[in-house]
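Just below is one structure, and these are the notes that go with it.
The values are calculated or read from the model by the stated rules, or taken from the named source; none is laboratory data. Keep in mind that this is a model prediction, so the values were computed, not measured. Note that we place each Cβ from the backbone using ideal geometry, even for glycine, and neighbour counts take in every protein chain shown.
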Amino acid sequence: MRGDRLLSIMLLLQAGRKLTAKQLAARLEVSERTILRDMDALGSAGVPVVSDRGAKGGWSLMEGYRTNLTGLTTSELEALHLFQAKDAAADLGLSKELKSVWIKLQAALPAASLPHAEFVRERLHVDGAGWHQVKEDTPFLALVQEAVWKERRLRFRYSAYREPDLPEVEEKNRGEVRTVNPYGLIVKGHLWYLAAEHDGQMRSYRISRMKEAEMTAETFSRPSSFSLGDWWEQSVRSFKERLPRFAATVLLTDAGLAKLRRLRYVELTELKRRHRENEAVSSLEHIRPGIGSRQLAPGQEPGYEARLLFDSEEAASDIILTLHGEAEVAAPAQLRERIALLAEQVAQRHR
């Protein structure tokens, strides 16, 4: 343990910062007295540690001194590529390595470590923006990871859709058996995907939907020109373009617009500033008579007309309701009626 701590101190100082004993103790979770003993040990070992006194004082390395030793293990290199997603690191059993690697990131990798770092970078892509925050069971994740790392073909039964855990449904929809060349892993939020070649085409497979998976003895050659990150980004763009969208025209106050800009799962495609008071009413009569005609206090009038895209009508009503009185649906009529009905149901429950 002490050897690891001494190495960590050297790497922290090598990053170019002057650190006090108190700061080092907090980073390494030990006492200041322990840090002072460690500094004596480093000095005795020939490491040129320098102590400056005063308000801006602290410990540093003699200018020009640098160690090539980082101590990065293979597991820590893998954890390095998961730093955007702590839950993903936990899924692969790399939580401790993730904590350790933060210190070592500040020092340059030795040449011997570079090939494995590049190997992992090409085979693991982290997409930090999750679809939704849903945690799924992935019993075959470790097996899939091993197949990706060893470039071995993978065989599994795959169900394209999640089904209830009922015997009759399980029997009817057991999924198809597929044998693929596993190119890489993608973690999106809490969801794990496999990027793999099947019958000459690249596809993504949700690992939680795999069944009866096994790694075969057959190997494959992964094309050196393949970029996992580029392929995934293009795949996500194509997926989003194929999604059905629900359009709505919504009136927003200044506060409503500010809230809307912080929301996910809604796209603002057009925004117009509206005239206040009577002019605002007349500009919307063609959409629905009476919209915007309520008597509001100064500053509460909807100052913007926004054209929005949602995933569905249900998603639109859910999101607009979170804006409370800062938003009013102008069109379509069925969305306006749906929100009015939902709001009335909420009001009834709370009377």
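Some notes on this structure:
- Qualifying residue in the range 212-229 (condition: within 17 Å of Tyr158 (Cα to Cα), part of a strand (DSSP E or B) and free of Cβ contacts under 8 Å to residues at least 60 places away in the same chain): yes
- Some residue of the range 157-164 being at pLDDT below 65 and over 25 Å from the mean Cα position of the chain (by Cα): yes
- The range 232-245 residues that are over 15 Å from Tyr205 (Cα atoms), paired with ones that are hydroxyl-bearing (Ser, Thr, Tyr) and loosely packed, with under 13 Cβ neighbours inside 10 Å (beta carbon under 7 Å, 6 or more apart): none
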